[in-house]
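Below: the structure, in structure tokens.
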Amino acid sequence: MRKRLIVAALLAAGGVSAQEPDPELGRDIYMSYCAQCHGFDAQGVGPMAEILSVVTPDLTGLAARNGGAFPTDTVAMKIDGRTPLLAHGGDMPLFGQFFDVGESVLVRLPSGQSMMMSLTLANVVAYLETLQAQ
């Protein structure tokens, strides 16, 4: 009950949107910001992958590598730079500022808990979830 009151208060205050993430909008963002490294099919073989100093992961196997559950929170935190937080950056470009703008949404995690993130980030995460190999 307390959790519902907190969510209702946040929605009323305008801090959190009730809008659902849109995988199609996420696809557009992915194609602009991610496909050059991760590939247009998200299998890790983008045009820039061969010149990178790290192996670009296949993003279509995230759920398979996580016991069949899509790791929503891990993916979101990797994209927006929350994990790992290194002094001089990590394997990925720092997208935090780009993905940390606009309205925020609560996204349901496989554990049943919710995680707050920007709608822009939630759209990309939702798109990546649609790409998981069955």
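Numerical summary
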item	result
Ranked Tyr127, Tyr33, criterion: other C-beta atoms within 10 Å, fewest first	Tyr33, Tyr127
At R0 = 25 Å, FRET efficiency that the Cβ-Cβ distance of Ile51 and Gln97 yields, to 0.05	0.55
Estimated distance in nm for a label pair at Asp41 and Arg65, the labels positioned 7 Å out from Cα along Cα-to-Cβ	1.8 nm
Net +/- balance of residues flanking Val124 in space, Cβ distance below 12 Å, scoring K and R +1, D and E -1	-3
The stretch 19-130 shape via C-alpha gyration tensor axes, a/c threshold 1.5	rounded
Cut-off 15 Å between beta-carbons: net charge of the residues surrounding Ala64, Lys and Arg +1, Asp and Glu -1	-1
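Every read-out reported here was derived from the displayed coordinates using simple, explicitly stated rules and does not represent laboratory data. This one's a predicted model, so the numbers in the text were calculated from it and none came from an experiment. Every residue, glycine among them, receives a Cβ derived from its backbone with ideal geometry; neighbour counts consider all protein chains shown.
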